[in-house]
Amino acid sequence: MKKIYFLFFLLISQDIYSQVPEPVSKQDKAIILYNAKVHVGNGTIIENGYICFDSGKITHIGDFKNKTLRNFESHIQIDLNNELVYPGLILPISKVGLEDISAIRATRDHTEIGDINSNIRTLTSYNTDSEMISTFRYNGILLSQVTPDGDLITGNSSIMMMEGWNWEDAAYKVDNGIHFKWPRKTYPPSRRSGSTEFRSNSNYKSTVDKIHKFLIDARSYFDRRDNIDEINLKLEAMLSVFSGKKKVYIHANSREQIIESVQTFKRHDINDLVIVGADDAYYTIDFIKENNLPILLNNIHRTPSRNQEDVDLPYKLPYLLYKEGILVGLTASGSLHSQRNLPFLAGTSVAYGVPKEEALKMISYNTAKILGIEDITGSLEVGKDANIIVSKGDILDMRTSQIVHAFITGREINLNGKQQILYDRFKRKYSN
């Protein structure tokens, strides 16, 4: 009997420590944050600033110098003591909520079998009980573009809040874009074999032909959409692309991939395009500018793509694109655990020439603009959603970043997660 009780207690205690923070209720009272340095997110800084929000929307923002708290007696008043206020960060191209432990297949729900999965949606697979979500929030990431993975046409992403009881609560913008992975014409030399020769992809032409055929079929389906006898879900998913309501995200890294993919989609009269990855963006700057392409630059914390490149070229890439006037957002679409370092990617770009407020835009306003949500978030402006973070130090610097408050649509969320719980647990143990 003692063994049974011990086992029961063990299971209960494990369950307690594995729980995610409980979602909070809607904002029910106006809040003012004052005595703060406000980084608006559009390049502006308010040194002695304040910001008010009510019912999830920003109502006032500005310099607090000529204001008094008497004007805000009905508000919850939070004195920030010169702490820093930022817009909530936005993580594009992420698997958060679709994966917990990459080594365990049962916890991965981001990849579907098959080449053409245009009808797949990440929306209903988003797991708000994932323990990983809280580890993103305490680095200031409040919104994520949850994106499917796969081989060719991977499906539809949705922008989700890092808060909510279920996917319906967490949905921020549903089916905001469809994702294509453009095939490589050549593969880089194998480092294992020591070869210096690029290897050709023998399946390149047949794979591109498959994309062409799909786009032709989708266009035909769109043109006769009012006289369709039988619904084709894969083609149905493309209707919003041809009507201009949904973006196409092209995952392409090499120079050839970027140029050929864009030319292909434009040939099919699809013009609302975003390039994801873009390792070779430096070699296609003129083409990117000519076609007015926004870039979601992937993981600049990496080695160069070619042996002859500068070792720090990936670090300099945001600056090289920024100075050419290209709209750039940052992401880290590799391993899930590295994606929480999004603000520090922006910090690296500052070290290599990007002005600090422009680097902030690359993880807030620029990304919102690329995702098509800049009218409701991405910067701290009146009328936009109150997606706000407060830090004791510079959020782009891992040495000083310490998020102390976070609000998603005006709701102050719990920043504790599994790692903080374990830290406090063992701190108490070894402090005695």
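What follows is calculated from the coordinates using simple rules that are stated; it is not laboratory data. Note that the structure is predicted; figures quoted are calculated from it, not measured. In this analysis, Cβ positions are derived from the backbone assuming ideal geometry, glycine residues included, and neighbour counts consider all displayed protein chains.
General remarks:
- HN-Hα J in Hz across the range 55-65 - Karplus 6.51, -1.76, 1.60, θ = phi - 60°, x for Gly and Pro: 6, x, 10, 6, 10, 8, 7, x, 7, 8, 4
- Angle of helix 418-431 to the longest C-alpha principal axis of the chain, folded into 0 to 90 degrees and rounded to 10: 40°.
- In this structure, the amide hydrogen of THR122, modeled 1.01 Å from its nitrogen in the peptide plane, lies closer than 5 angstrom to those of ASN156, SER158, counting only residues at least 5 positions away or on a different chain.
- In this structure the amide hydrogen of ASP149, modeled in the peptide plane, comes within under 5 Å of the amide hydrogens of THR111, GLU112, none closer than 5 places in sequence on its chain.
- Relative contact order for the range 331-418: 19 percent, from Cα pairs under 8 Å spaced at least 6 residues apart, divided by residue count.
- Backbone phi angles across the range 260-266, fed through the Karplus curve with coefficients 6.51, -1.76 and 1.60 (θ = phi - 60°), yield HN-Hα couplings of 5, 5, 4, 4, 5, 5, 5 Hz in residue order; Gly and Pro are listed as x.
- Rg/Rh for the range 89-374, where both radii come from Cα atoms and Rh is the Kirkwood radius: 0.96
- The range 291-313 and the range 243-259 have Cα centres separated by 16 Å.
- Computed from Cα positions, the angle between helix 2-17 and the longest principal axis of the chain comes to roughly 80 degrees.
- Taking the DSSP bridge list for the chain and keeping only pairs wholly inside it, about 55 percent are antiparallel.
- Phi-based couplings in Hz for the range 377-387 (Karplus 6.51, -1.76, 1.60; Gly and Pro marked x): 7, x, 8, 9, 9, 4, x, 7, 4, 7, 9
- Calculated [θ] (222 nm, deg cm²/dmol) that DSSP helices of n ≥ 4 give over the chain, each run adding -39,500 (n - 2.57): -8000 deg cm²/dmol
- Packing order of peptides 139-146, 53-60, 31-38, highest average first: 139-146, 31-38, 53-60 (average count of other Cβ atoms within 10 Å over each peptide's residues).
- As a length-normalised measure over Cα pairs under 8 Å and 6 or more apart, the relative contact order of the chain settles at 19 percent.
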